[in-house]
1. If you count, for each residue, the other Cβ atoms within 10 Å and average over each peptide, how do 106-117, 131-142 line up from highest to lowest?
2. How far, in degrees from 0 to 90, does helix 20-32 lean away from the longest principal axis of the Cα atoms of the chain, to the nearest 10?
3. Report the relative contact order of the chain, percent, no decimals, based on alpha-carbon pairs under 8 angstrom and at least 6 residues apart.
4. Grab the DSSP H runs of the chain that are 4 residues or longer, score each as -39,500 (n - 2.57), total them, divide by all residues and round the 222 nm result to the nearest 500 deg cm²/dmol.
5. Sorted by packing (mean other beta-carbon atoms within 10 Å per residue), highest first, where do 151-164, 58-71, 313-326 land?
6. Only one of the values (1) 1.07; (2) 1.12; (3) 0.95 was calculated from this structure for Rg/Rh (Cα atoms, Kirkwood Rh); name its label.
7. Rounding to the nearest 10 and keeping the result within 0 to 90°, find how far the Cα-based axis of helix 34-56 lies from the longest principal axis of the chain.
8. So for 344, 242, 72, fewest C-beta neighbours within 10 Å to most, what's the order?
């Protein structure tokens with residue numbers, strides 16, 4: 001698929017450049033076998049989907065204290081999820097591919113790197129066959145890109161009544177360049193300082209919070225039909241939705257301008273991604289020519305990417321109107337988060 005892997009970084013809102021052969025490899029996959037393309041895409045993109053889910057659930061709170069009515073802060077933060085070794089590679093012969101796709105005789109390895117793997121490692125070469133065992137095409141699996149998955153966010157927090165904050169993450173649909181697609185995000189969170197309901201002059205703050213994020217990405221495609229006909233319908237596109245939900249318990253203690261905190265959370269994240277539209281591809285070799293078929297909506301992925309407990313430890317610095325935030329987390333993926341902001 002032409003520039004298909006632009007998707008993975010645009011959704012993560014990063015500026016990391018993709019390898020060109022990552023695009024070419026999955027172009028061949030889509031053209032040849034939708035089920036196998038889905039398997040390979042899921043395994044390759046697995047750490048990206050997980051890392052982005054962790055990022056969406058990060059950076060919401062750096063203190064259990066809540067703001068006074070109509071007081072606010074505006075912050076920009078970046079979360080970096082670290083891909084563990086277990087998610088850096090996979091064996092292409094052990095993920096359930098059909099017999100029509102198998103390693104070529106000259107393939108240097110059967111071990112493919114994921115998005116978060118080793119960029120210097122060799123990539124498998126795979127052959128695609130028709131039902132009569134005729135070779136249709138050969139392609140090389142895409143290389144790894146980066147083992148750190150970044151996820152920037154911009155959020156506004158305002159104080160409500162009765163020791164409660166509300167936080168918004170809102171990005172209207174934005175076109176990211178002429179060939180990059182459109183992205184938009186909505187998130188909302190609530191935090192309540194429960195200790196203040198019982199002890200007005202408590203030496204520490206203890207809060208509970210719930211936060212929800214949803215990001216939508218769309219991109220039109222123009223993949224040439226292999227039989228030479230025109231893609232007249234113009235319905236080829238990528239649609240992706242990512243969502244994250246977490247429930248937190250936060251404990252913090254203000255020490256002048258320095259506020260350390262610790263938090264425990266249950267988090268979940270989901271990815272719903274589709275490569276949609278009609279694609280005319282080779283189905284089998286017939287002498288010196290080929291027969292063709294139309295693939296409709298060849299890739300649909302709907303999966304839970306993150307689910308479980310996480311622990312966060314960090315701090316907030318209040319320097320007049322200026323804020324500095326930093327934290328680290330342990331969970332399905334380790335991650336770090338940092339940012340700046342201002343408010344009162």
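Every read-out reported here was derived from the displayed coordinates using simple, explicitly stated rules and does not represent laboratory data. Model, not experiment: these values are computed from the prediction. All Cβ positions, glycine included, derive from the backbone under ideal geometry; neighbour counts span all protein chains shown.
1. By packing density, highest mean first, the sequence is 106-117, 131-142.
2. 60
3. 19
4. For the chain, the value works out to -4000 deg cm²/dmol.
5. 58-71, 151-164, 313-326
6. Label (1) holds the value from this structure.
7. The two axes meet at around 10 degrees.
8. Lowest to highest Cβ neighbour count: 344, 72, 242.
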